[in-house]
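Here's the structure we're looking at; comments come further down.
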Amino acid sequence: MKTILIALIPAIAAAGAAPARDGWRTEAIAALPQSGEMHLQLINNDEADGFMRLGWVRDDDSGVIRFYDRSMLASQELYETMTGSVHADTLAPIDVAVRFHQQSAILSVEAAEQDGVMVGRRTFTQPLAGQQSAEINTPITDGMVMRAAVFFLSQTLPLEAGDSIGFDWFSSLAGAPGTVTITAFEGGEIETIAGRFDTLRLELRGASPENDIYVTGYDGLRQVVRIDVIGQPMRFEAYPAPAAE
C-alpha cells in the first residue's frame, strides 16, 4: 500500500549537495521508544479519506523490532495490512507479510531472510481472472533497511537542516530493493488539522512515489505531523490531540 499511499533525493542545497550524516542508524535506534504508534489521517483532494496506523515494539530478548501497518484509502477501496520484523541493531529486514486489497483484487506478499537473501512470493488474485504469482529473491545488501522502518524512524533520525543520508531498502509491497536518500531542510511553519507546527522537512527521494515528511524540532523524539505524497493530491496529517476532560 505504501507504494500507492506514502511510498515511508536529489538533495541539492544552494551551495551544492548536502553533506552525508554518518552513524545515523545507531542514534536513531537508540532514541526510538520501546513501543509506539504513528496514527495519521489521510487527506485526499483536501477531504478526509482514510488513515495510516504504523506501530512498532522492540523485543530486546531477541534483538528484533516488530512492526505493523494498517492503511486505507476509502474512496478507491484500497486497504493494506502488514506485519514484519527487522534487526534492532541494523534495521535489516527479517520477514514481512502483506495483504493488499484493491477493489475485488488481492495482492499477498510473504518474504523472509534466508542466508542473506529475502526469499518469498508475491501473489495477485482476481476473482474473475484467476491468480498470478512471482518469486521474490532479493539479496540483502550492506546497510539495507526495511522500507516501513524508515517512516517510524523519521521521528528519531538525528538530522538537522543540510544533513543527508542514503541507503538501500527492501520495499515490502514490491518485493524488491531500491536506493533512497533523505535530506533535511527547514520546513517552516505548517498548518495541519492538529494545529500549527514549526517543522523540519525530510525529503525522501528515490522511491515512487516520493515523500516530504514534516517533523517537529529535534529533541530526541520528534513528532511526524504531515507526510506529503509527491505528485499526488494526497497527504497524511496528525490527528488533533484529544480534548482535555
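The values are calculated or read from the model by the stated rules, or taken from the named source; none is laboratory data. Everything numeric here is computed off the predicted structure, so don't read it as measured data. Ideal geometry is used to build each Cβ from the backbone, glycine not excepted, and the neighbour counts take in all protein chains shown. With ligands, DNA and RNA removed, areas are computed over all heavy atoms of the protein, side chains included. Shrake-Rupley method; radii C 1.70, N 1.55, O 1.52, S 1.80 Å.
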Just to be sure before I move on: is residue 70 of a type in the set (Lys, Arg) and under 19 Å from residue 44 (Cα atoms) in the structure I sent? yes
For the subset of the stretch 17-49 comprising residues that are farther than 23 Å from residue 192 by Cβ and part of a strand (DSSP E or B), which member is modelled with the highest pLDDT? 35
Residues within the stretch 91-117 that are touching a Pro at 6+ places or on another chain (Cβ under 7 Å) and either more than 26 Å from residue 78 (Cα to Cα) or acidic (Asp, Glu) (or both), tallied: 3
Among the candidates 119, 109, single out the residue that is surrounded by 14 or more Cβ atoms within 10 Å (Cβ to Cβ), more than 28 Å from residue 222 (Cβ to Cβ) and in contact with a Lys or Arg (Cβ under 7 Å, 6 or more places away or on another chain). 109
Members of the stretch 169-208 that are open to solvent by 40 Å² or more (accessible area, probe 1.4 Å) and closer than 30 Å to residue 94 by Cα: 174, 177, 179, 201, 206, 208
Given the options 134, 129, 174, 194, name the one that is at pLDDT below 95 and more than 29 Å from residue 238 (Cα to Cα). 129
Could you tell me whether residue 52 is open to solvent by 20 Å² or more (accessible area, probe 1.4 Å), in contact with a Leu (Cβ under 8 Å, 6 or more places away or on another chain) and at pLDDT 95 or above? no
